[in-house]
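The structure appears right after this line, and notes come after that.
The values are calculated or read from the model by the stated rules, or taken from the named source; none is laboratory data. These figures come from a predicted structure and were not determined experimentally. Quick reminder, even Gly has a Cβ in these numbers, built from the backbone with ideal geometry, and neighbours come from all protein chains shown. These accessible areas exclude ligands, DNA and RNA; they are computed on the full protein's heavy atoms, side chains included. Shrake-Rupley method; radii C 1.70, N 1.55, O 1.52, S 1.80 Å.
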Amino acid sequence: FLYIYLSLSQVLPHRSEYTLLLNNLENAIALDFHHSRELVFWSDVTLDRIMKANLNGSNVEEVVSNGLESPGGLAIDWIHDKLYWTDSGTSRIEVANLDGTHRKVLIWQSMEKPRAIALHPIEGKIYWTDWGNTPRIEYSNMDGSGRRIIADTNLFWPNGLTIDYAGHRMYWVDAKHHVIERADLDGKNRKAVISQGLPHPFAITVFEDSLYWTDWHTKSINSANKFTGKNQEIIRNKLHFPMDIHTLHPQRQPAGGRNRCGTNNGGCSHLCLPSSKAFTCACPTGLDKFLLFARRTDIRRISFDTEDMSDDVVPLADVRNAVALDWDSKDGHIYWTDVTTDSISRALWNGSKQEVVVDTSLESPAGLAVDWVTHKLYWTDAGTDRIEVSNADGSMRTVLIWENLDRPRDIVVDPVGGFMYWTDWGANPKIERAGMDASSRVVIISSNLTWPNGLAIDYQTERLYWADAGMKTIEFGNFDGSNRQVLIGTQLPHPFGLTLHEDKIYWTDWQSKSIQSADKMTGLGRSTLAENLENLMDIHMFHRHRTTGTLSPCLVNNGGCSHLCLLAPAPKGSSCACPTGINLQTDGKTCTPGETHTLARTNYCKSKVYWSDSTLKKITRANINGTQQEDIISTGLMTTDGLAVDSVGRKIYWTDTGTNRIEVANLNGSMRKVLIWRNLDSPRAIALYHEMGYMYWTDWGEHAKLERAGLDGSDRVVLISNNLGWPNGLAVDKAGSQLLWADAHTEVSIIMGCFLGDLQHPYGLTLLGPHIYWTDWQSRSIQRADKTSGANIITVRSNLPGLMDIQAVDRERPLGYNKCGRRNAGCSHLCLPRPNGTSCACPTGILLKSDGSTCEEMPETYLLFSNRVSVRRISLDTADHTDVHVPVPELHNVISLDYDSVDGKLYYTDVSLDVIRRVNLDGSEMETVVSQGLKTTDGLAVDWVARNMYWTDTGRNTIEVARLDGSARKVLVNNSLDEPRAIAVFPSKGFLFWTDWGHIAKIERAHLDGSDRKVLINTDLGWPNGLTLDYDTRRSETF
């Protein structure tokens, strides 16, 4: 049988032997199994999860992961493949498919603390115990009908419950009365079976003529005769709080029962639940209509399918600070904003298919509205002071309104009328209206407002409703702001979200921590739907009957628009728009194909944008529209503050202030090479001039300077070393033959001796046409000036925190001639321009052959080392001694490694996976050669002559040997080893050496077959780690 406590184990009846199925469980309490499917299910009241796994312990999965508070009982319907559970926290019994889908609240009325649950699917019955103020045992049909109390006297803590299918009886334990009782399945003929020696019985099961139960006090599993209670026996003791228990046998799940739902699920679209004689089709809770609300760290729904209006959590991942919500019933999506992750996301109403649709250039997206007719997203951002729109998937995003916005908050749309409405919390609070294409903007309410929060539209009466947290009112008026009236003006401490449905208005209140409703016409009939809910935000009623009005002009050929078709008020009906940065042509319908002039905060080449991230330590690229994102450099970076793309020569250059290097690679990250590493202190900005063969960079070090070298690293020279503080941005004016840079310490931009004063903290710098553009950290703005005189300074964009680099893209400018264009100038690998031509170069650590064009395949001499999660190589052929990532996959905790020069294989141990593996140095053909019987393999050595490998295992205190493929494995040494660590072999002399970290640290030697073992050193040693042999002088070195 199976029992559960902090692990899941299988114990043989009447024997002390047991098998551990699952361990390291948090607080597993309830348990059941599905014999024919070989599955085990359990609930965890610490994680608030229901889990399942195969009976052999594999494939552990979450089945139910949200909306649980204390799931103390669990039962499997093995005939109809359903999962039932009790939750004493939510006071419910629920049912779902075995994978957790189609979840339904089955019984909730007159429930207090439901605990144990047992099923009789042959008869179509559920039995459960309730610990509430009136303890009782009840049953009902498995569809929730026909509920009846079968015992409600002499009960206090009815814990375990089990059904004897053959004997047509049920048994239960009561921990307070210290008794095991039985009764007929209708509650008649109740009788105590055992009433002594039961300090704290918890769970019970039955098999053949015996009862088995767990006891918390004795920490044991016990058995007795089910008829007499005699022949009591301890099956296993010394257990830590044994919880549920079940007999794992086909007799406990008889196969003879009729499947009432047949082979086609009874014809039901969702749930088919057995009743006493037939079945009932049922829908998952909240399928058609539910109240959706945000609570910062989760999004919940209140189903109108159950009279208790109980709420449950929509199973979403990484919800940090959800504020605004909306929904689209056509495809079943819910949308929300998160002001911590600065993103807009969506998922299906059941939490599946979650995805981020907008996650760039957002700061405080507190308002969100879905145009369910044309499937557009509208949102406000109080951080950027904008109203924006995009397609429902986040594509074709454009800014609609950016002028005269102070703190825009909530937004609603009226696709039928073509208008949008929004509230503004700024210095002059107001409610505004405009066409959904931003036309005909007008202020409709501007007096007697303080903090206008939630907005809602009543499409039936054509009224606009709003909540004001400062005025503590809910009001309404006509769409033009006329006929304004207070609906509710008392007992509204801090209303926030607002929504309407049918004849009701619903709202959230921060201070009362409640969701309330009232009649939308009179404000009367107020009621509280939910209370004691912290951090309440937006609220919406999800239903499937949204009005669409007449046929929208945008639904016919997209309104003739090439990109965005936006609804507008009559008589216009709609207008065309373009994504931000692309212009609408004179025909009013077609967008310019691609941007002609663009300011980007990254680099651009062939429709790709490249950027570095010093937190993730990566260089990444993507299409200019954000698609096809890929990491091109993801190892060996620390602080890549400067990045430049040679769009002519098809190379990427970068500076790294952490490693003090300047490197180059192909645009896909291949053939990476360290160009400059000497005499760099803190290299920062970098700029390229392909036509002249030069690169320029700034250095923030102790002696700030501006330097130049060829694009191959040659001919290095310091250009400026005086009057520099923190030289940041750098740009080359090819037309004017000028070099421009920004200095954040001296707070100026310098253009060949022309100063732009009074700058606060300039950072990025770029040129476009006759202008210079720069970013400023302190003013949080992008600014522009004339590049020749520095005059006419204007702010292009303000209120942009976190500004970094900026680059200009000019599609009209020809790329120019590529010096390496023809056959890569004869180079086998890298061709790099220089002032007087080109030069061939090799990836880091690889030497160029004497022909000056071809690279060697590998370094001649190099070091290999591991840092647990990666393997790296340092070439000794080149002077830079840069470590290069060896692309070995699936590394978790690599401790020891060795190299077989004969086959070119790297061998290594991974103590997290407890394996020994080998792989080619290019990462290919990785294979596990030893996968069992390892604990802590700290040392590894390859005998390249006899084709064997040796390893130490500190966990098992052994030294073993095997062929290089892992076969013919043998333990060589297993006595008098304390903590064997490093190991080395001397094949030509037939010796094996190893270190031992034990109580008496030592270094030992033996023959390669383990014979003639000898201690070489056992004094003046602490933790002898590394060990290597000098085969020339025949000495060993220890560290």
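Go through 82/104; 82/277; 330/353; 82/219 and tell me which ones have a Cα-Cα distance over 21 Å in this structure.
Beyond 21 Å between Cα atoms: 82/219.
Can you list the GluC sites (Glu not before Pro) in segment 421-493 that are in a DSSP coil and have 14 or fewer other beta carbons within 10 angstrom?
Hits after loop and neighbour filter: 462.
Could you report the accessible area of residue 82 in Å², rounded to 10, computed with a 1.4 Å probe on the protein chains as they sit in the structure?
Probe radius 1.4 Å; accessible area of residue 82 about 10 Å².
Probe radius 1.4 Å, ligands and nucleic acids left out: which of 360, 954 has the largest accessible area, and how do the rest follow?
360, 954
Amide H neighbours of residue 151 under 5 Å, at least 5 residues apart or on other chains, H built in the peptide plane: list them.
Here 137 satisfy the definition.
Taking a 29 Å limit on the Cα-Cα distance, which of the listed pairs 905/1014; 608/849; 651/849; 376/513; 673/819 fall beyond it?
Table pairs above 29 Å Cα-Cα are 905/1014; 608/849; 376/513.
Below 8 Å between Cα atoms, with a sequence gap of 6+, how large is the relative contact order for the chain in percent?
Relative contact order for the chain comes out at 4 percent.
Go through segment 722-729 residue by residue and turn each phi into a ³J(HN,Hα) via Karplus (6.51, -1.76, 1.60, θ = phi - 60°); whole Hz please, and just put x for glycine and proline.
Here the 3J(HN,Hα) series is 10, 6, 10, x, 10, x, 9, x Hz.
Given [x] 105, 103, 49; [y] 101, 90, 61; [z] 102, 90, 84 as candidate values of Cα extents along the principal axes in Å, which corresponds to the one derived from the coordinates?
Comparing each candidate, only [x] matches the computed number.
Please give the contour-minus-distance gain from residue 363 to residue 963: 0.36 nm per residue of separation, less the Cα-Cα distance, rounded to one decimal in nm.
210.0 nm
Of 29, 906, 145, whose Cα points farthest to the positive end of the dipole of the chain (charges on the beta-carbon: +1 Lys, Arg; -1 Asp, Glu; origin at the Cα centre)?
Positive-most Cα among the choices belongs to 145.
How much accessible area per residue does segment 250-400 have, in Å², with a 1.4 Å probe?
36 Å²
Show me the GluC sites (Glu not before Pro) within segment 849-920 that DSSP assigns to loop and that have at most 10 other Cβ atoms within 10 Å of their Cβ.
The qualifying sites are 857, 860.
Amide H neighbours of residue 63 under 5 Å, at least 5 residues apart or on other chains, H built in the peptide plane: list them.
50, 51, 52
Tabulate in residue order the Karplus-calculated ³J(HN,Hα) for segment 216-221, using 6.51 cos²θ - 1.76 cosθ + 1.60 with θ = phi - 60°, rounded to whole Hz; enter x for Gly and Pro.
Along segment 216-221, the couplings run 5, 6, 7, 6, 9, 10 Hz.
Counting only protein heavy atoms, what percent of the accessible surface of segment 251-357 is carbon or sulfur at a 1.4 Å probe?
46 percent
Could you put 771, 102, 240 in order of accessible surface area, largest first, with the 1.4 Å probe and the full protein assembly present?
Largest accessible area first, the residues go 240, 102, 771.
Would you kindly derive the ³J(HN,Hα) couplings of segment 262-277 from the backbone phi angles with the Karplus curve 6.51 cos²θ - 1.76 cosθ + 1.60 (θ = phi - 60°), listing them in order in whole Hz, with x for Gly and Pro?
Working through the residues one at a time gives x, 8, 10, 6, x, x, 7, 6, 10, 9, 10, 10, x, 10, 5, 10 Hz.
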